[in-house]
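Shown next, in structure tokens, is the structure this report addresses.
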Amino acid sequence: MINRPFRLASLALGAIVVIAGCSSAGVTTAPTTGGQAATPPASTGPSTPQVPTGTVALSGAGATFPALLYQVWVEKFSEAYSNVTIDYQAIGSGGGIKAITQQTVDFGASDAAMKDEEIAALPAGTKMLHIPTALGAVVLIFNLAGTDGTAIKSLNLDGTTIAGIFLGKITVWNDPAITALNPDVAANIPATPIKVIHRSDGSGTTNTFTSYLAASSDEWKNGPGVGKEVAWPTGDGAPGNDGVSGGVKSGDGRVGYVELQYAVVSGLSSAAVKNANGKFVKGSSDGVTAAAEGALADFPDDFRAAPIINGAGDGTYPIASYTYLLVYEDQKGATKAQALVAFIYWALTDGQKEEKAIGYAPLPAEIQQKALDELHKITTGGSPIWPM
């Protein structure tokens, strides 16, 4: 059940319903069998975390980047365990970090790992775990009619040009920097003014995208810089990935950045971006997987991985990021903690099978195992929820 009104968009994924209309959309599962657990997924066995009996309600909030995936997970998990209700509010990574810091939710979600100062602001004596759940691509979406009156569906862009657009230095679509990258369609690229749409809320998607801009442009690196929120030199703000995609769709000449699946849902075209090997690559699960596999050696012990920018490989997409669930290592309530560990375990095992079909990349096997091992650290009153 969806617990807040918003516009709905249908995906060609059976009965999946996705968020497509406001940054605070929520997803809720509801008990349907009087609080009795349904038959568990095939992966569940004696060595797996067990779902508690009776009705349990969990709440989470944060990133819009994985919200489409989390909706699918919540629905699938509810089919197996109808006694567990999960409400997830997609309010942006900044909002998720704030909510879990203030302990108003059972778990947070962020595409940007918490900064040292954010960890220092946690309640005294607490420790936060970053549990990776998926990877995604940040893509450049655009809405542009060509000189022939039909929509342009494909464009090549590189880092220097993208930075120039978001710095407000490249202001029309037929700028020589853009036409030079697109000789086959240059004559059809109009002089339409460029209108940038960016995030208005604290966003892990923004953190990933600005990491790419800073790697591409010293002017960006030394100016707006990198973060979940920056001072944008140009453009209009919109909340959430869905807000940005809606803003780009609303007018000719507009451009923005979103997680890959929001481009698919909105029906907008996304640019092929020049990677470190000089190849123009469109955002895809395979391109993100290639980026993650190439960065395995750099995955940090504290799990706070930076976005994967300009990874090597012909097929690597250059703007990729992990997304995380944020969970206190020691939980206050045993029953909720047991349900939370069981849900995250399911997401890291059965849930990984759902990712590619909806535009995300599953965790590399090595990172998946590291994430599962983290679940053994979760305790209540100092006692492990899922002992080794």
**Message:** What's the total number of residues in the range 147-169 that are farther than 13 Å from Ala271 by Cβ, surrounded by fewer than 19 Cβ atoms within 10 Å (Cβ to Cβ) and touching a residue at least 12 places away in the same chain (Cβ under 8 Å)?
**Reply:** 6
**Asked** Of all residues in the range 161-174, which are part of a loop (DSSP other than H, G, I, E, B) and over 22 Å from Lys221 (Cβ atoms)?
**Response** Trp173, Asn174
**Message:** So if I check each of Ser78, Ser43, which one is modelled with pLDDT under 95, over 30 Å from Glu117 (Cβ atoms), assigned to a helix (DSSP H, G or I) and polar (S, T, N, Q)?
**Reply:** Ser78
**Item:** Residues that are open to solvent by less than 70 Å² (accessible area, probe 1.4 Å) and either closer than 18 Å to Val255 by Cα or touching a residue at least 24 places away in the same chain (Cβ under 8 Å) (or both), drawn from the range 278-290
**Value:** Val281, Gly283, Ser284, Ser285, Gly287, Val288, Thr289, Ala290
**Asked** So Ala320 fits all but one of (1) more than 23 Å from Gln102 (Cβ to Cβ); (2) surrounded by fewer than 23 Cβ atoms within 10 Å (Cβ to Cβ); (3) hydrophobic (A, V, I, L, M, F, W, C); what number is the exception?
**Response** (2)
**Selection count, the range 233-277, where residues are open to solvent by 30 Å² or more (accessible area, probe 1.4 Å), among the hydroxyl-bearing types (Ser, Thr, Tyr) and closer than 23 Å to Ala357 by Cβ** = 0
**Prompt:** Among all residue pairs at least 6 apart or on different chains, which show Cβ distances below 7 Å where the first residue, located in the range 360-386, is under 18 Å from Ala297 (Cβ atoms) and the second is of a type in the set (Phe, Trp, Tyr) and modelled with pLDDT of 95 or more?
**Reply:** Ile367/Phe299
**Message:** Quick test for you: out of Leu58, Leu8, pick the one residue that is among the aliphatic types (A, V, I, L, M), at pLDDT 95 or above and either surrounded by 17 or more Cβ atoms within 10 Å (Cβ to Cβ) or at negative phi (or both).
**Reply:** Leu58
**Message:** Among the numbered criteria (1) in a helix (DSSP H, G or I); (2) open to solvent by 20 Å² or more (accessible area, probe 1.4 Å); (3) among the aliphatic types (A, V, I, L, M), which one does Val230 miss?
**Reply:** (1)
**Complete:** All conditions in (1) part of a strand (DSSP E or B); (2) surrounded by fewer than 22 Cβ atoms within 10 Å (Cβ to Cβ) are true of Leu325 except (2)
**Asked** Is it true that some residue in the range 331-348 is open to solvent by 10 Å² or more (accessible area, probe 1.4 Å), within 25 Å of Asn207 (Cβ to Cβ), at pLDDT 95 or above and out of contact with any Leu (no Cβ under 8 Å at 6 or more places or on another chain)?
**Response** no
**Prompt:** Applying the selection to the range 64-119, what residues are of a type in the set (A, V, I, L, M, F, W, C), open to solvent by less than 10 Å² (accessible area, probe 1.4 Å) and under 13 Å from the mean Cα position of the chain (by Cα)?
**Reply:** Phe65, Ala67, Leu68, Leu69, Ala90, Ala109, Ala112
**Item:** Count of residues meeting criterion [over 18 Å from Gly95 (Cα atoms), part of a helix (DSSP H, G or I) and among the polar types (S, T, N, Q)] in the range 239-269
**Value:** 3
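The values are calculated or read from the model by the stated rules, or taken from the named source; none is laboratory data. As the structure is a computational prediction, the values presented were derived from the model and not from experiment. Glycine also receives a Cβ, built like all others from the backbone with ideal geometry; neighbour counts cover every protein chain displayed. Ligands, DNA and RNA are excluded from the accessible area calculation, which covers all protein heavy atoms including side chains. Shrake-Rupley method; radii C 1.70, N 1.55, O 1.52, S 1.80 Å.
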